[in-house]
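A.B. asks: Starting off with a structure, shown below.
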């Protein structure tokens, strides 16, 4: 053994030697549990995404008061119900799950498949006692239509696929469209529901719904065809009006039009501008009782194809990108531009007819559009009675009447009922006079002067000789036409009230 220093010798004497117990043997150690110990929870992915919260880039759970809980989330596990498990056959049954749903078949094609496959099965094996059943695992879906094949339960016989839906004849290559898919999209386009609502109806009736992408592609084709069909139909209506019009100029037609927007009613006052992104301008002929539509213009600001790259910072504008585009109005332009819409709409219908009189809601911007710039003649501007009555009602509600004119416990209610009564009386007088005078506008303007003063006297309590002489709806018997006023309330007008609003 070599030389050992004094320090190393002391270390060898006090060090642990083999065969001897350690210094910590027999000593019990007690660990105190922390009161703020965390519990770790592993939820399913759907519950994890619904409950997890971020706090400084750390996943936590929130209590009802917003504070952090003692539970810590672990990595979520897969959902219990998976698509693979849903498609597996149950152990207690040999029937495929798709065969337990409702499917749409053409009975004649189903009958043809059954008869032809039965003959082939007999020719293949005469002594086979198996049954021919539909092979649910080999079903091919084409929207709402299906292609099916039969197989034998005992003998290894498998038939070919049969189309159990009709096809729309087409000159293009590829698979033909099914009438049931085209018809369903026509029904969706003609109702207020969309593809999402239609799929929900199919799923609740246990019918396997088509995929959303397939329905959207079919809708784009069907809506294009429906649009062209409606344009041809409106063109035929305009040509029929030219042939049936009994005026001197056979191409002059009276029309009425308005523009509606997709703004929600419950948030219509959230912005000073029109809270809409889609405007639909419609013009109807006013020569016949049918009121047929002669022109439609849809103005849209929304385009999903261009909005997706625009949200990522790419300067993409509609009409300058690939794919399907739907926007025809820039986002910077105002959606409330009835003059421009009517100008474009008038250009569309001016190839067949010219407008003689245009009836609208009294908005000057509508008449100042292309309607006023018709081909070489002035267009008459007529007001709609419904909008005229609503404007009169609003003015009466805001009119500065005297304090003693209307008396009652609830003056707001009495004032509103008074406005309704005046509105109904004026509209009734105008309609009755127009009917009696057979639409003579010049004579109508002359007689309306006496009718207005008669209405004021009638509401002021002097219903008698004046109503019997000048009114068209009141016979002077203190029974006003369509009166919404209470019987015990009397109107006391002064000179300033008669000149309002």
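A.B. asks: Scan (1) buried (at least 16 other Cβ atoms within 10 Å of the Cβ); (2) on the phi < 0 side of the Ramachandran plot for the single condition residue 416 breaks and write down its number.
C.D. replies: All conditions pass for residue 416, except number (1).
A.B. asks: Right, another one. Let me spell it out: the conditions are (1) modelled with pLDDT of 85 or more; (2) surrounded by fewer than 10 Cβ atoms within 10 Å (Cβ to Cβ); (3) closer than 30 Å to residue 145 by Cα, and residue 40 meets all of them except one. Which number is the exception?
C.D. replies: Going through (1) modelled with pLDDT of 85 or more; (2) surrounded by fewer than 10 Cβ atoms within 10 Å (Cβ to Cβ); (3) closer than 30 Å to residue 145 by Cα one by one, residue 40 breaks only (3).
A.B. asks: Can you work out which of the residues in the range 286-303 that are modelled with pLDDT under 85, in contact with a strand residue (DSSP E or B) (Cβ under 9 Å, 6 or more places away or on another chain) and within 13 Å of residue 254 (Cβ to Cβ) is surrounded by the fewest Cβ atoms within 10 Å (Cβ to Cβ)?
C.D. replies: 287
The values are calculated or read from the model by the stated rules, or taken from the named source; none is laboratory data. Keep in mind that this is a model prediction, so the values were computed, not measured. Positions of Cβ are backbone-derived with ideal geometry, glycine not excepted, and every protein chain shown enters the neighbour counts.
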